[in-house]
Each structure stands twice: as C-alpha cells, then as structure tokens.
1. Just one of 417, 444, 457 is open to solvent by 10 Å² or more (accessible area, probe 1.4 Å) and more than 23 Å from the chain's Cα centre (by Cα); which is it?
2. When you check residue 271 against the structure, is it surrounded by 15 or more Cβ atoms within 10 Å (Cβ to Cβ) and not polar (S, T, N, Q), yes or no?
3. How about segment 487-502: which of its residues are loosely packed, with under 11 Cβ neighbours inside 10 Å and in contact with a Gly (Cβ under 9 Å, 6 or more places away or on another chain)?
4. Would you please list the contacts, defined by Cβ atoms under 7 Å and residues six or more apart or on different chains, that run from a residue in segment 207-229 that is touching a residue at least 12 places away in the same chain (Cβ under 8 Å) to a residue that is in a helix (DSSP H, G or I) and open to solvent by 40 Å² or more (accessible area, probe 1.4 Å)?
5. Give the residues of segment 375-407 that are under 22 Å from the mean Cα position of the chain (by Cα) and of a type in the set (Phe, Trp, Tyr), sorted by residue number.
6. Counting residues that are open to solvent by less than 10 Å² (accessible area, probe 1.4 Å), which helices (runs of 4 or more DSSP H) fully inside segment 279-387 reach at least 3?
7. Can residue 78 be described as under 14 Å from residue 191 (Cβ atoms) and open to solvent by less than 50 Å² (accessible area, probe 1.4 Å)?
8. Conditions first: (1) open to solvent by less than 70 Å² (accessible area, probe 1.4 Å); (2) outside any helix (DSSP H, G or I). Residue 4 passes all but one, so which condition is the exception?
Amino acid sequence: MTTTFSPEAFLADQSFKMLIGGDMVEPNGNLIDTIDPSTGAVLTSVPEATPDDVLRAVEAARRAQPGWQALGIAGRAACFRRLSELLVENRERLALLDAVDCGNPVRTMRIDVDICQHYLDAYPGMAWGLHGRVFDVSKTGLHYTKTRPYGVTGRILAFNHPMMFAVTRPLPALITGNTVVMKPAPQTPLSCLALGELFAEAFPPGVMNIVTGGAATGDAIVRHPQVKRIAFTGSVRTGLAIQRSCSESGNVKHLSLELGGKNAMVVFPDVDLEATVEGAVFGMNLSVCQGQSCGSNSRVLVHADIHDQFVEALAARLDQFRVATAYSEESDMGPLVSEAHFDRVSGYLASGQRDGARLVTGGDRPDGVPDGGYFMRPAAFDRVEQGMAIAQEEIFGPIVSVLRWDRFDDMIEVANGIEYGLTAGVWTHDLTLAHKTADLLDAGYVWVNDSTVHYVGTPFGGVKNSGTGREESEEELLSYLEQKVVHTKLESTDDALARHGW
C-alpha cells in the first residue's frame, strides 16, 4: 500500500450491514457517517440500530443458543477453525478497514489479524480443560458441581483495536456455549460489520449478532432482560454508566469491565539504557494505536541516577517516528481516532505545560500530512509531578510522562497513587527487586523487563478503577458459565441391595 492509496476507491464497492439472526440486515433507522482520521473526510455511512433491531438481535441469539450449546466443544471449535480460515482469506481487507476507519497503521493491523489466530486456537483447548468438582463433605452423599452457559451475552467494544477485539473478545462466551449480541465502538464500526459476513459463514444463524450505534444501542443491550452476562472494554466513565444501567434494569446481571489505565513503568539504575528506552517506546503502543491503549506505560518512573540520560534517549527515539496516513506503508504512527479525541489529547499537552512540566519533544503536527487529519507527533514530558493531570489521568494518546525518583518507598507511593491499576512494568537486572516491586505495585498485570505483550492463557485485567474480572484465560471462560451444585443422599450398599432383593 502506498501513499496513493484511495480510501474512496477501496470502499466504493463495499456495503456495511448489521448481522441479525444470520442475515446481513439493511438499516431501518438513521445512518451514521464514519470518518477517515487521516484526512477528516467522510468515508461511508453505516446503520444506527433501532430499539427494534436490538430486540430482534437478542431474540435471534436466544433462539440459537440451545442448538449452539448442544454442538459441544468439538462442534463449536469447528466453527472457530472456519472463522480462522476466513480471516486468513480476508487479512488485507480487514487490516485496511481498520487503517482507514480508526487510523492505526496498516502494517500493524495485519499483525492484529494474525494475533486473532492464537485466540481461536487457544480457547477450545482451554474449554476442554474445564471441569466440575466433587466435594468429600459427608459420609452418605455425593456432592458435585456442574456448569451451564448464561445464554445470551452482550459484548461492547472499544475503538482502539476494532477488528481484533471484534474477533477475540466474544470467543470465551462462544466456546462455552453462549450466544452473543455485539456492538462496535461508534467511531470504528467498519471492520466489525465486515466481520459479520465471516461470522455468518462460519457460525450457525443467530449465534453471533452485530448491531451498531452509540450509547443508546449499548444501553438497550445492557438493559435487556434476556442479557444477563455483559462485558465492556472502554473508559471508566462509560463503565460506570453501564453499571448504573445494569442496576436500573430490574434484573441482576454479571458484568465484567476492562477499563482505563495510567500504567507505571519503574526503571532502576542498573538497566541497559538503550533496551529500556526501546521498551518504554514499545510499551506506549505508538506503532499499533498511537498510544490509544489502556495498557500503555504512559508514566515512566526513572531513578535519578540515569534520569537525564533516559529522557535524552527517549526524546531521540520518539523523534525517529514517521507519522503519516494510516494506510501508508511508510507510517510508523497514524492519526488519532477522531477530532474530538485529538482535541482532548491536545488539552493534556496544554495542561502539562501550564502545570510546569517540560515538553521535551513532540506534540506538534508533523510535516507532509493531510490538512484535515488528526495527527500529532509522539510527545514526552519531563519534570512531571504527582499532582499534575498528566501524571494522574488517562490521556489515551501519544504522550508519555517521565517522573524522577530516588527513594524506593516514595516511588512505590507515587506509582500506586492513582485511581487505576491495570498494568505495570519493572525494569532491573536484580531478581529480588524485580519480584518485590512487582508484588508492591497496584496492578493486575505486571511485566518484568518487558512491556505490552499479552500471553494468551494468563489472566488479563485490573484492580481499582481499571475494572472487574479477568480476560484471555480460563478465568474468563468460567465467568461465562453459571455454576450449579448437586447434593445426592445415597443409601448404604446393604440397603440398596436389599431394596432390589439381591
């Protein structure tokens, strides 16, 4: 793909419809324009689901669920394998859809498609390993657990990995026998709707349903009495709104939330400076989603002994980034997802400087990009203090804050002194310091001398305001199953034989 790529020509013959009950559905209500963040131009329009669309999607999922459960793990895994094949066949189209719709570089969006294969392979194996328990709690009884799927589940997605999340996030619900009603983020619906065609080919009708729209569509899913199990990825503010809707629905619901992060990367003075700077840049997810990631290490706490050298090297590395249109093969980093989000991130640039932090590099508009695009060079702040907004609040953009430390206990207090607790990183060659520090950090997912990589099968999730529940693991599969305990009182062997006359 070159800079002469035309999004208009690419999309000219494509239509985007919702998936309900196995059918690609024409819009019944309003249409929503989707914007190319590389240019600010309208790309195309997609349906906005009506309340009736949501009702039909839930009803289709309800009807399909018993048959889907009856297929068993083997039958459901066969559908996973077919979806995997279809992803390979549609790799380039899906990667380009995310590039034009959300601004992520097409090179890394191809990798997002490839990453999906790991999840499609892993979850059936995890499901085969699930089992009940037998309890030895009485002399005369058999006491054991069974599980069963919730039924219809709801999944509401974030905008930063549209295609990858649309594939991977519903898989735990599906492999455990649930059906799904899914809504993509309103900023980035295209790849999810395109995936509807693949889901329709790979899965029985009604097992996967996709509806589009904003908060009203999501709220209709959350409040529906048939949808007891719900999962959301996104902001704390929206997560709290979903909790309120659940409580107001009149129905008890099981809700998991994967929310924001203001993640600390702690750097000790014994590190390899070049490797650690590279780790900090890699952990910002700049080349993947412009730093628009809940797991980005947007706070780097660097020991005073190497602080100045680290800041200098970090600035030099960030200055090497080529910021360009998302569908250019030469692009290291694309635009932010929308004008509104660009304005929000720009507000933090102004806030940091107003509060007295030093903008070391970046934050300005790169040369040679389209005038209407939402571009920003990756930025680094030094002299950041704990009370500043850029040290406390999730920016969700290409801005990293560097904080100096020299006392271990003070550093731990700063690292934990925020409302979030999603991820963290510890960089040191000292094994004791690595593990002791990891243990003290308020975070659900900690890397040592690594960053941002997810290892499928290990539980991903946060503490504090970063959410509830765990993903990408056996724990997540179990969260889509309701547990039942069966107690059976048994006779003695002699009484049973006598009753039969044996």
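The values are calculated or read from the model by the stated rules, or taken from the named source; none is laboratory data. Since the structure is predicted, the reported quantities are computational estimates derived from the model, not experimental observations. Cβ: placed from backbone, ideal geometry, glycine included. Neighbour counts: every protein chain shown. Keep in mind that these areas ignore ligands, DNA and RNA; they rest on the heavy atoms of the full protein, side chains included. Shrake-Rupley method; radii C 1.70, N 1.55, O 1.52, S 1.80 Å.
1. Values: 444 fails: more than 23 Å from the chain's Cα centre (by Cα); 457 fails: more than 23 Å from the chain's Cα centre (by Cα).
So the residue among 417, 444, 457 that is open to solvent by 10 Å² or more (accessible area, probe 1.4 Å) and more than 23 Å from the chain's Cα centre (by Cα) is 417.
2. On the way: surrounded by 15 or more Cβ atoms within 10 Å (Cβ to Cβ): yes; not polar (S, T, N, Q): yes.
Taking the combined requirement at face value, the residue satisfies it.
3. Pass one, segment 487-502, residues loosely packed, with under 11 Cβ neighbours inside 10 Å: 488-489, 492-495, 499-502.
Scanning segment 487-502 gives 488, 489.
4. 220/51; 226/62
5. 396
6. On the way: elements: 286-289, 307-318, 339-354.
Where helices (runs of 4 or more DSSP H) fall fully within segment 279-387 and carry at least 3 residues being open to solvent by less than 10 Å² (accessible area, probe 1.4 Å), they are 307-318.
7. No, not satisfied.
8. (1)
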